[in-house]
């Protein structure tokens with residue numbers, strides 16, 4: 001077999017390389033923060049869909065924000081994972097939406113959605129790619145040695 005043949009054991013395209021690619025993708029995006037933000041949005045959405053025995057309360061146009069706000073928060077959490085370059089923008093949207101949900105969505109989904117949304121938003125905003133941090137450390141080390 002030729003070394004460039006894709007079926008050789010040393011080939012980078014073999015099936016065992018897939019977990020490495022998934023781990024690299026997972027580390028290159030704010031997946032945990034986005035996932036927690038989506039869970040917070042789900043808690044908010046489910047808190048608006050409650051039945052009281054045989055009574056179901058339907059609110060008019062005011063209740064529309066109780067549906068739209070969790071959708072916006074979930075969408076921002078998903079987009080932060082899909083487009084990590086815009087993570088700060090989406091994280092701020094999650095934070096603002098979560099704080100506003102205290103007023104708009106049953107005390108932020110009975111505080112559970114509010115807390116999850118805030119934690120997820122903070123994690124998305126504070127996340128930084130590993131490559132950028134490693135490159136800054138490498139650049140800072142020679143500069144520090146030159147000044148000593």
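The values are calculated or read from the model by the stated rules, or taken from the named source; none is laboratory data. Bear in mind that the values here come from a model prediction, so they are computed numbers and not experimental data. Every residue, glycine among them, receives a Cβ derived from its backbone with ideal geometry; neighbour counts consider all protein chains shown.
Descriptive notes on the structure:
- Residues that are crowded, with 23+ Cβ neighbours inside 10 Å and either within 17 Å of residue 64 (Cβ to Cβ) or at pLDDT below 90 (or both) within region 25-49 comprise 41, 44, listed in sequence order.
- Test: residue 81 is at pLDDT 95 or above, closer than 20 Å to residue 128 by Cα and out of contact with any helix residue (DSSP H, G or I) (no Cβ under 6 Å at 6 or more places or on another chain): no
- Residue count, region 80-118 (criterion: crowded, with 18+ Cβ neighbours inside 10 Å and closer than 26 Å to residue 23 by Cα): 10
- Set 85, 74, 41: member being part of a helix (DSSP H, G or I) and closer than 17 Å to residue 126 by Cα: 85
- Residue match in region 101-111 (condition: within 20 Å of residue 127 (Cα to Cα) and outside any helix (DSSP H, G or I)): no
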